[in-house]
Amino acid sequence: MPQPVRALFSRPGYAFLALLAFATHLLFSPLCLAASAHLRLTPQEPDTPEKIILSIDKVEKLAGMKITLTYDPGRLRLVTADKAEGLSSFMHVVNDQNPGTIIIVMASATGVSGTDLPLFHLEFSLQDADAAGTTTISVSHVQLMDENLQEILGDQPTYSF
């Protein structure tokens, strides 16, 4: 064993600290290596703010996702929720049984990669068009997975109009 390493382990307590540092590195380094992605909620057209695209800025081999959207059911009603064209191989389920909450689950055996990749097209109708103020749609929960079953960290954007 080299002299500096032998000196480190010969002092009381230093061997424990070195072992603790090594174990911490092994446990937490996979978390640092997890991919991350930025989600966006944007209008399809500037003059129709209630038609929204859920997209992801840059992703590699996205193969699964579960996203929960929340909104004010007194102001909005979900009309349609359709997956984007580039995700035709994905199976998907949209659960909109609870007004104010939409749960979207999609999965595929092979992932898709891309930049500014549209995921879903959502259309809402305003319940009270005469009401003043803004309404907000928020992503309240995100789970993204690549085709190797590795988690992709995603953020939780909001959209107001």
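The values are calculated or read from the model by the stated rules, or taken from the named source; none is laboratory data. Predicted, not measured: the structure shown is a model, and the values here were computed from it. Areas reflect the complete protein model, heavy atoms only, side chains present, ligands, DNA and RNA absent. Shrake-Rupley method; radii C 1.70, N 1.55, O 1.52, S 1.80 Å.
Restricting the calculation to alpha carbons of the range 27-160 gives Rg and Dmax of 15.4, 55 angstrom. Computed over the range 33-161, relative contact order equals 38 percent, with contacts defined as Cα pairs under 8 Å that lie 6+ residues apart. Using every pair of distinct Cα positions in the range 48-107, the Kirkwood expression returns a hydrodynamic radius of 12.9 angstrom. Of the solvent-accessible surface of the range 76-125, computed with a 1.4 Å probe over protein heavy atoms with every protein chain present, carbon and sulfur atoms account for 52 percent.
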